[in-house]
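A short worksheet on the structure shown next.
The values are calculated or read from the model by the stated rules, or taken from the named source; none is laboratory data. It should be emphasised that the depicted structure is a prediction, and the values quoted were computed from it without experimental measurement. Using ideal geometry, Cβ is built from the backbone for each residue, glycine included, and neighbour counts are taken over all protein chains shown.
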Amino acid sequence: MPVSALSGVHYLLSDIDDTLTDDGVFPADSYRALEDLRAAGCVVVLITGRPAGWCDMIARFFPVDAVVGENGALCFYRDGDKVRQIWNDPADVRTANLKRLHTIAGDIVGEFEGTALAKDNPWRASDVAVDFAEEVGPLPLSTAEAIRERFEEAGATAKVSSIHVNAWFGSYDKLSMFARWLNEVEGKTVDAVLAQSVYTGDSPNDVPMFRRFPLSVGVQGIENYHLAPEDKPAYVTKSDAGRGFAEVAKALLSCFNNNKRD
C-alpha cells in the first residue's frame, strides 16, 4: 500500500482478532499505535465480532472513540467521561433471539465433532458463537463454512471469522452499525468519509467493509480464505495479524506527522 494513499485519512476502522492481535494476545505495539493515532487526531473505531461485555470494557479502557460489536448488533462510544450505547434490536427481541440461537447452536455443536460453544458466549447479547479455532482445533475452514451453512438453513445470518462462526437473526452487519454511529454521533454519511477512512481486517466477516471502503487493507492471513475478487481488500500487508496492522499504523502515523509539519 503506498503511503500517499493514506494522506487524507481521518478515520481508522479496524477488526480486532488476528488483525490487532498476535496469537490471541493484544500486543503493546497495537495498543500504542491506537493511542498514538488518536493523540494525533485520528478517529479510531474498532469493529469486531466479539461480545457486548468485551465491547463495554474496550470502549471504557482502550484509546478508541467507538467500538462496534457482535458483527454490527451494537455500538458503544465515548461521550466525554461516559459510554453511550446504540443497539440494533430492543432488549426483548435480543432475549428471544438468543434463546432460539442457542438451541440451534447446541444442535450444530453436537453435529460437528471437535467444535464447541465459544467461551465468550455468556457476554453476548444478540448473537451466538461456535468455536472452531480459538480453544478447539483449529478445524479446517471447510468445517467453518459448513457450520455457517447450517445456521443459514435454520434461518439465521452467519459469518466466519478467524476463530468463530457467529450467527444472529437480522440483516445487519459491521458496515450498517458503523454507518449508524457515523450518522447519529458524527453527523456524517459513509459516502462523505470514504476517502478519509481506512479499514483493516483479516477474515470473511470483514467483507462488507472491504467492499465499501476503497482504502481497505487485509493483513496477510486474509489470503487463507480465497475470497471472490469483489470481496477482497484493496491491499494486503506483507505480515500477518498485529504485525501486519503495524505496517498500516506506521504509515498512517507518518502521514499525520507530515501533515502537522506542513
Condition broken by Ile104, with the remaining ones in (1) buried (at least 17 other Cβ atoms within 10 Å of the Cβ); (2) out of contact with any helix residue (DSSP H, G or I) (no Cβ under 8 Å at 6 or more places or on another chain); (3) farther than 23 Å from His226 by Cα satisfied
(2)
Out of everything in the range 221-262 that is part of a loop (DSSP other than H, G, I, E, B) and aliphatic (A, V, I, L, M), what residue ends up being surrounded by the fewest Cβ atoms within 10 Å (Cβ to Cβ)?
Ala228
Among strands (runs of 3 or more DSSP E) lying entirely in the range 30-81, which contain 2 or more residues that are surrounded by fewer than 22 Cβ atoms within 10 Å (Cβ to Cβ) and assigned by TED's automatic domain parsing to the domain that holds Arg243?
43-47, 74-79
Checked Leu20, Leu13 against criteria (in contact with a Phe, Trp or Tyr (Cβ under 6 Å, 6 or more places away or on another chain), more than 25 Å from Gly187 (Cα to Cα) and surrounded by 19 or more Cβ atoms within 10 Å (Cβ to Cβ)); the one match is Leu20
Qualifying position, being free of Cβ contacts under 8 Å to residues at least 40 places away in the same chain and of a type outside the set (Val, Ile, Thr), among Gly114, Gly201, Gly170:
Gly114
Would you pick out the residues in the range 194-220 that are in contact with an Asp or Glu (Cβ under 8 Å, 6 or more places away or on another chain) and among the β-branched types (Val, Ile, Thr)?
Thr200, Val207, Val219
Filter pass, Ser203 being surrounded by 24 or more Cβ atoms within 10 Å (Cβ to Cβ) and within 25 Å of Ile108 (Cβ to Cβ)
yes
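For Gly72, indicate whether it is over 17 Å from Asn183 (Cα atoms), in contact (Cβ under 8 Å) with a residue 12 or more places away in the chain and either out of contact with any strand residue (DSSP E or B) (no Cβ under 9 Å at 6 or more places or on another chain) or of a type outside the set (Phe, Trp, Tyr) (or both).
Numbers: over 17 Å from Asn183 (Cα atoms): no; in contact (Cβ under 8 Å) with a residue 12 or more places away in the chain: yes; either out of contact with any strand residue (DSSP E or B) (no Cβ under 9 Å at 6 or more places or on another chain) or of a type outside the set (Phe, Trp, Tyr) (or both): yes.
No.
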Return yes or no: is Ala158 within 17 Å of Arg50 (Cα to Cα), of a type in the set (Gly, Ala, Ser) and in the same structural domain as Asp107 (by TED's automatic domain parsing)?
yes
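Could you please find all residues in the range 21-39 being over 14 Å from Asp120 (Cα atoms) and modelled with pLDDT under 95?
Correct list: Asp23 only.
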Being without any contact (Cβ under 8 Å) to a residue 40 or more places away in the chain and surrounded by fewer than 23 Cβ atoms within 10 Å (Cβ to Cβ): is that true of Ala158 here?
no
